[in-house]
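Everything below concerns the one structure shown next.
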Amino acid sequence: MKNSFYKSMAVGFFLMALSLTGYSQLLPTEVQLAGTFEFGGSDDSFTKSFGVFASSTPSYIVVKVYYQRGGDRDIPVTVKLSNFDESINRSVNVSAGSTESEKPAILVAAAINSTCARPWKLEVIASNGNPPADVSGRYEIYFDDPSPITTTLPSFGVFQRGRVSQPLYAPVTPGDWTITATWDSTDANPFDGSDPEGLKLRFTLLRNGRQVGEPSTGYAQNALFGHASPKMALRYRVTAADLEGQDTWAIRVTGSSQGHATNVKVTAKLAPRCQ
């Protein structure tokens, strides 16, 4: 009981110090990874490897681990956070009791110039070797991904039943690529400017002239009935394999049989993500 009391005080003082210094404002608040763990007997630890992007300025990682044990005796446990070469190494020793810890073990580290290829590692280890009973719990890993990379193409038109391909900047990092577009229909009502048919266009992502992912369709922004906005959204997960060659990327737009499209505006947003 005394150990739990001092441990709670230590966590409280730590968070209070962060608040007083303004440091807590720099800490990430979004859970990027979460899961559960369990080990025991001949297995004396749990390891979770994960990648983090970071800029040249500190991007902080926060790990919270809740824990408990089976059996009838508390089990000493070490919670450890380290980077690929262990030049950054944070750890805390706790004691796993019969119920889940009210306060998590908290570790904070600064990730500078981190890349997905150099993963971080969370470890939960039985401090004295093979534990006499199972140790289980859950973890939450917080960090901030970089801001999305957004590019917008010059507006263009598509003739009725025509086909136009526009080059895209090649992705520079793994992540979630979302391509959206809006456009106007020339087949518009002269009284209110609306298009009863909606003028549907089809968009296809191309790599080296070949389709990747699934095409997407949408309607002109002056469609008579309120179609969802954005009018078209095509999503593709960029992997490390997509970055290996000197590939060319493009978006192909297939025109409608109903009329011409004008003022087609395509925006590509790449949100970096580690795989």
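Numbers below:
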| quantity | calculated |
| --- | --- |
| Total residues in region 109-122, condition crowded, with 17+ Cβ neighbours inside 10 Å and under 30 Å from ASP74 (Cβ atoms) | 3 |
| In region 77-96, the residues that are touching a Pro at 6+ places or on another chain (Cβ under 9 Å) and not aliphatic (A, V, I, L, M) | ASN83, PHE84, ASN93, SER95 |
| Check on ASN128, at pLDDT below 95 and not assigned by TED's automatic domain parsing to the domain that holds VAL108 | no |
| Strands (runs of 3 or more DSSP E) contained in region 54-173 and holding at least 2 residues hydroxyl-bearing (Ser, Thr, Tyr) | 59-69, 75-82, 89-96, 135-142, 149-152 |
| Filtered residues of region 84-101 (kept if modelled with pLDDT of 90 or more and of a type outside the set (Ser, Thr, Tyr)) | ASN89, ARG90, VAL92, ASN93, VAL94, ALA96, GLY97, GLU100 |
| Region 167-180, residues that are surrounded by fewer than 16 Cβ atoms within 10 Å (Cβ to Cβ) and either outside the structural domain of SER256 (by TED's automatic domain parsing) or not acidic (Asp, Glu) (or both) | PRO167, TYR169, ALA170, VAL172 |
| Elements of type strands (runs of 3 or more DSSP E) in region 175-236, at least 1 residues being over 30 Å from ALA117 (Cβ atoms) and at pLDDT below 85 | 175-185 |
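The values are calculated or read from the model by the stated rules, or taken from the named source; none is laboratory data. Keep in mind the model is a prediction, meaning the values are calculated, not measured. No Cβ is skipped: glycine too gets one built from the backbone with ideal geometry, and neighbour counts run over all protein chains shown.
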